[in-house]
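Colleague: Sharing a structure, written as structure tokens. Questions coming.
Nothing in this text is a laboratory measurement; each read-out follows from the coordinates by a stated rule. Quick caveat, the model's predicted, so the values are computed rather than measured. Don't worry about glycine lacking a Cβ; one is built from the backbone with ideal geometry, like all the others, and counts go over all protein chains shown.
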Amino acid sequence: MDDSLSFESFFEGASKAAQKAMEDHGRQEYDEFALHAGVAIERLAKAVLSKRNPLYLVEMRNGNADLLLYFGGDLELDTSKVRTVGAGEALRRLRRMAILPPDPQLDLLIELRNGTAHTTIGDQAKTLLPTLSETVMILLTAVGATSRVFWGRWARTVIVAVDKQLDEIRRDVEIRIDQARHLFEDRFQGLPEGAKEKILREPKPVDGMMLGPLTVMNNEKVLFLLGSVPCPSCGGKASMTLTPVTQSDTGPDIAADSFQCKLCRLELNNPLEIKAAQVETEAALLPTRTWIKQLGGPVHIQLGETHAG
């Protein structure tokens, strides 16, 4: 039988497609995610069938026994004439074998991959990362393979994706932190050793300059603060906006509002996400106040050290 139809070939192809799917999801390319995730599921399903018995790969069509004999090792065929079951039938067989449970979300993922779902692919595919992770976990168990071998550097991320003990926000944030970290590291492939460390130590200015901590005020009322904090993904210097929760005679109570890292592109869009990411909000230091005259009246601004571009 052709080596491309072996368990090893299907498993390796599934692993590569699954890791590409994780990269797609991290880049928010959800159409590509659906494509690669569907390919990964199909190939891993066929790996399981092949491991159990190569005959389970046979596509039953028109009562022709040639493929049955070929997969059984008793007939030679031109490889161009060899067909295996499609993704849908592979999953149906695994369900009849009690290896996979029914799962409408998994069926949707395959429909999105095949272009048969009546929906916008990206909108639906974005939410199907746990479905991919859970299905792969079941199929890996069926063949006695480990997540580390299959997922490589994404092994921790997929464990988080299926961790029911984490609430939805914490799970989503931890996945995004891992994705941002890996995609950041990918930018330095092929560059001289130490390039990443230099960027983290001496980040390039954005739009001509980099501002340190800053407070914007209207008269004596604080409007918002911009602080600099360590990024939980890449470890570089990120910016965080803080806004007053309450105002009092002793000053405002400040809470983190949003977070953005220009280095790894990690964004946290509300206080709950920032808390889930365990960002060191106390690192946002606020130094001496300065006056800056603008249209509409004077505005107090506190500036940290300014680095010219």
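Colleague: Please tell me which of these pairs span more than 24 angstrom C-alpha to C-alpha: Lys164/Lys275; Lys20/Lys237; Lys164/Lys196; Lys196/Lys237?
Modeller: Values: Lys164/Lys275 19 Å; Lys20/Lys237 28 Å; Lys164/Lys196 34 Å; Lys196/Lys237 13 Å.
Pairs exceeding 24 Å: Lys20/Lys237; Lys164/Lys196.
Colleague: While we're on this one: Using a simple spin-label model with points 7 Å from Cα along the Cα→Cβ vector, what separation in nm is obtained for Arg27 and Gln105?
Modeller: Spacing of the two 7 Å Cα→Cβ label points: 2.5 nm.
Colleague: At 7 Å along the Cα-to-beta-carbon direction for both Leu77 and Leu55, put a label point, then send me their distance in nm to one decimal.
Modeller: According to this spin-label approximation, the distance is 1.5 nm.
Colleague: Between Asn114 and Thr127, what is the label-to-label distance in nm when each label sits 7 Å out along the Cα-to-Cβ direction?
Modeller: Label at Asn114, label at Thr127, 2.2 nm between them.
Colleague: Scan around Val85 for amide H atoms under 5 Å from its own, H built in the peptide plane at 1.01 Å from N, and keep only partners 5 or more places away or cross-chain.
Modeller: Excluding prolines and chain starts, which carry no amide H, the hits are Glu59.
Colleague: Let me ask another. So if R0 is 35 Å, what FRET efficiency would Glu89 and Asp3 give, r being the distance between their Cβ atoms, rounded to the nearest 0.05? It would help to have the intermediate numbers written out before the result.
Modeller: Values: r = 23 Å, r/R0 = 0.65.
About 0.95, to the nearest 0.05.
Colleague: List the aspartates and glutamates whose alpha-carbon lies under 13 Å from that of Lys51, not counting same-chain residues fewer than 8 positions away?
Modeller: The reachable aspartates and glutamates, counting only those whose Cα sits under 13 Å from Lys51, are Glu8.
Colleague: Considering only the other residues whose Cβ falls under 15 Å of the Cβ of Asp178, what net charge follows from Lys and Arg at +1 and Asp and Glu at -1? Walk me through the numbers on the way to the answer.
Modeller: On the way: positive: Arg27, Arg148, Arg153, Arg156, Arg170, Arg171, Arg176, Arg181, Arg265; negative: Glu23, Asp24, Asp163, Asp172, Glu174, Glu185, Asp186, Glu267, Glu273.
Counting the neighbours of Asp178, the net charge comes to 0.
Colleague: How much length is gained on full extension from Leu166 to Leu191, taking 0.36 nm per residue of separation minus their Cα-Cα distance?
Modeller: On the way: separation 25, 0.36 × 25 = 9.00 nm, distance 3.70 nm.
Length gained between Leu166 and Leu191: 5.3 nm.
Colleague: Give the peptides 266-274, 224-232 in descending order of average Cβ contacts within 10 Å, highest first.
Modeller: Working: 266-274: 17.6, 224-232: 20.4.
By packing density, highest mean first, the sequence is 224-232, 266-274.
Colleague: Return the sequence-ordered ³J(HN,Hα) values of segment 40-55 in whole Hz as given by the Karplus equation 6.51 cos²θ - 1.76 cosθ + 1.60 applied to θ = phi - 60°, using x for Gly and Pro.
Modeller: 4, 5, 4, 5, 6, 4, 5, 4, 5, 4, 5, 5, 5, 5, x, 5
Colleague: What is the gain in length, in nm to one decimal, between Arg96 and Glu267 on full extension, counting 0.36 nm per residue of separation less the C-alpha to C-alpha distance? Don't skip to the answer; put the middle values down first.
Modeller: Details: separation 171, 0.36 × 171 = 61.56 nm, distance 4.33 nm.
Answer, rounded to one decimal: 57.2 nm.
Colleague: Grab the Cα-Cα distance for Glu12 and Ala255, subtract it from 0.36 nm times how many residues apart they are, and report the gain in nm with one decimal.
Modeller: Details: separation 243, 0.36 × 243 = 87.48 nm, distance 4.75 nm.
Once the chain is fully extended between Glu12 and Ala255, it gains 82.7 nm.
Colleague: Would you tally the net charge around Asp107, using a Cβ to Cβ cut-off of less than 14 Å, leaving Asp107 out, and scoring K and R as +1, D and E as -1? Display every interim value, and only then the final one.
Modeller: On the way: positive: Arg92, Arg95, Arg113; negative: Glu42, Glu89, Asp103, Glu111, Glu134.
Taking every Cβ under 14 Å from that of Asp107, the sum is -2.
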